[in-house]
Amino acid sequence: MNFSLTDEHKMIQQAARDFAQTELLPGVIERDENQIFPTEQVKKMGELGFMGMMVDPKYGGSGLDTISYVLAMEEISKIDASASVVMSVNNSLVCWGLQTFGTEEQKQEWLPKLASGEIHGAFCLSEPEAGSDATSQKTTAIDMGDYYLVNGTKNWITNGGTASFYIVIAQTDIDKKSRGINALIMTKDMPGFAIGPKEQKMGIRGSDTHSLLFTDVKVPKTNRIGEDGFGFKFAMKTLAGGRIGIAAQALGIASGAYELALKYSKERKAFGTEICNHQAIAFKLADMAVSIEAARHLCLKAAWDKDNHHNYDISGAMAKLYASQVAMDTAVEAVQIHGGNGYVKEYHVERMMRDAKITQIYEGTSEIQKIVISRAVLAD
């Protein structure tokens, strides 16, 4: 077992850290306050290769491993979780799904643009009545011969308003249930494709989250990913890798909040000494450090499993379940260590606490991760 990072990993980690400090930190509070999408920052992430990290270089990607992706996600999430979720969706759900299951023509047409940051994508699975129960798709894609006629609504879509490329999961044959679902490539310029108002969110307010509405949208059959009926399997296989990205985001939120709390504890004085010298604070910091390190190892283990072509369903679920809880717990404690200042925006930790909560919800709630893990445990 080798716990050392390669020189390339360290270089990527440092590049992501430098980018986060120089490009994301300035204006992060304003973007959160005013729900401003980080347009310029996302373009720069693309220029640096962070939007297509695992995409094959022949399609314009960086050709890196999942460990590199986790390291970069952690560093960017330390500063701006709204920017990192754009990166996560584009890498884990859109680029990976398209590269793994798309046709050569689909890859040639879309991957270079997605990997470079020229455009970014969205993954459209959730519906008003199909959140955790992803089999209950009400969006329909009726087979009309050489095209599908799509009708329905998608909810809580990250990048919903700013994306140019959408992977939409829809039901073609309701009698076949999950085996009658397809994954379709759609673009917002298709007649009948409408974008609903931006959601007013508690956290990750810089990312744009919308409902999407489809009314008799004609989607060519050449836009289908995989064979007829492969859509549900496509969604589940793609989400399994996406959970590693969200676990890394949660890890970044936790480690970012911890670093701020540690720094503040060495500066703030109470009862004649820095508060880090009080056991109540020192023990909080110790607990935070241990939990973050454990979460980091779970994230890297899941990434290692994926890179080595092992089954990563369980390791990814474990990483997301634990890292998201650590993000929430650490952010709350970071606010507590900051005291009254922790409730003030300029100290950042209140935003991190708000951002942390969503990591327990999207790309599979914590309860769903426990279902996945418990089924595996009971099957042994």
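The values are calculated or read from the model by the stated rules, or taken from the named source; none is laboratory data. None of the values given here were measured: they were computed from a predicted structure. Quick reminder, even Gly has a Cβ in these numbers, built from the backbone with ideal geometry, and neighbours come from all protein chains shown. With ligands, DNA and RNA removed, areas are computed over all heavy atoms of the protein, side chains included. Shrake-Rupley method; radii C 1.70, N 1.55, O 1.52, S 1.80 Å.
Tell me the chymotrypsin sites (Phe, Trp or Tyr not before Pro) within the stretch 233-313 that lie in a loop according to DSSP and have at most 12 other beta-carbon atoms within 10 Å.
Numbers: sites: Phe234, Tyr258, Tyr264, Phe271, Phe283, Trp304, Tyr312; in loops: Phe271, Tyr312.
Sparse-neighbourhood loop chymotrypsin sites (Phe, Trp or Tyr not before Pro): Phe271.
How far is helix 313-338 tilted, in degrees, relative to the longest principal axis of the Cα atoms in the chain, given as a value from 0 to 90 rounded to the nearest 10?
Approximately 40 degrees, to the nearest 10.
Give the aspartates and glutamates whose C-alpha is closer than 13 Å to that of Lys176, dropping any in the same chain fewer than 8 places away, or say none.
Of all the aspartates and glutamates, those that pass the test against Lys176 - Cα under 13 Å, at least 8 places apart if same chain - are Asp228.
Considering only protein heavy atoms and a 1.4 Å probe, what is the carbon-and-sulfur percentage of the accessible area of the chain? Present the calculation step by step, with values, prior to reporting the outcome.
Working: 9080 of 16600 Å².
Solvent-exposed carbon and sulfur of the chain make up 55 percent of the total.
Leaving out same-chain residues fewer than 8 places away, which aspartates and glutamates sit with a Cα under 13 Å from that of Lys357?
Cross-link targets: Asp329.
Have a look at Gln106, Gln200, Gln21 and tell me which one the Gaussian network model of the chain (Cα, springs below 10 Å) gives the largest fluctuation.
Gln200
What relative contact order, as a whole-number percentage, does the stretch 1-142 give when Cα pairs under 8 Å and 6 or more residues apart are counted?
On the way: 166 pairs, mean separation 35.8, N = 142.
After rounding, I find 25 percent.
Could you work out the Rg to Rh ratio of the chain, with Rh taken as the Kirkwood radius (inverse of the mean 1/r over all Cα pairs)?
Values: Rg = 20.8 Å, Rh = 21.1 Å.
Radius of gyration relative to Kirkwood radius: 0.99.
Leaving out ligands, DNA and RNA but keeping every protein chain, what accessible area does Met318 have, in Å² rounded to the nearest 10, with a 1.4 Å probe?
So the heavy atoms of Met318 present about 80 Å² to solvent.
When 1/r is averaged over all different Cα pairs and the result inverted, which Kirkwood radius in Å belongs to the stretch 21-97? Numbers along the way, then the final one.
On the way: mean 1/r = 0.0789 Å⁻¹.
Here the Kirkwood hydrodynamic radius works out to 12.7 Å.
Give me the percent relative contact order of the chain, please, defined on Cα pairs under 8 angstrom at least 6 residues apart.
16
Please pull out the direction-averaged projected area of the stretch 1-158, using the convex hull of its alpha-carbon atoms, in nm² to one decimal place.
On the way: hull surface 47.9 nm².
With every direction weighted equally, the projected area is 12.0 nm².
Output needed for the stretch 280-380: three equivalent-ellipsoid semi-axes, defined as square roots of 5 times the C-alpha gyration tensor eigenvalues, in descending order, whole Å. Don't jump to the answer; show the numbers that get you there.
Working: eigenvalues 177, 41, 28 Å².
In descending order, the three semi-axes are 30, 14, 12 Å.
Expressed as an acute angle from 0 to 90° and rounded to the nearest 10, what is the orientation of the C-alpha long axis of helix 104-116 relative to the principal long axis of the chain?
Around 30 degrees separate the two axes.
Mean-square fluctuation check for the chain, GNM, Cα pairs under 10 Å: which of Thr66, Thr39, Thr158 is largest?
Per the Cα network of the chain with a 10 Å cutoff, Thr39 tops the list.
So, for the chain, what is the accessible surface per residue at a probe of 1.4 Å, expressed in square angstrom?
Values: 16600 Å² over 380 residues.
Spelled out: the 1.4 Å probe surface of the chain, per residue, equals 44 Å².
So for the stretch 152-253, what percent of the C-alpha to C-alpha distances run longer than 17 Å? Spell out each step's value before the answer.
Values: 3084 of 5151 pairs.
Counting pairs separated by more than 17 Å, the tail of P(r) holds 60 percent.
No solvent, one uniform scatterer per C-alpha: report log10 I(q)/I(0) for the stretch 325-380 via the Debye equation at q = 0.13 1/Å, two decimals.
-0.44
Go ahead and set up a Gaussian network model of the chain, Cα springs under 10 Å, then flag whichever of Tyr343, Tyr166, Tyr148 fluctuates most.
Sorting by GNM fluctuation, first place goes to Tyr343.
When the helices in the chain are scored as -39500 (n - 2.57) per DSSP H run of 4 or longer and the sum is shared across all residues, what 222 nm value do you end up with, to the nearest 500 deg cm²/dmol?
Roughly -16000 deg cm²/dmol at 222 nm, from the helical runs in the chain.
For a quick check: with amide H placed at 1.01 Å from N, whose amide H comes under 5 Å from Tyr148's, ignoring anything fewer than 5 positions away on the same chain?
Val219, Lys221
Determine the sum of side-chain charges near Arg17: Lys and Arg each +1, Asp and Glu each -1, restricted to other residues whose C-beta is under 12 angstrom from that of Arg17.
Numbers: positive: Lys10, Lys78; negative: Asp18, Glu23, Glu74, Glu75, Glu259.
Once positives and negatives cancel, what remains is -3.
Taking the Cα atoms only, what angle lies between the long axis of helix 7-19 and the longest principal axis of the chain, rounded to 10 degrees?
For 7-19 against the chain, the angle is about 80 degrees.
Below 8 Å between Cα atoms, with a sequence gap of 6+, how large is the relative contact order for the stretch 79-227 in percent?
On the way: 302 pairs, mean separation 38.0, N = 149.
Once normalised by length, the contact order is 25 percent.
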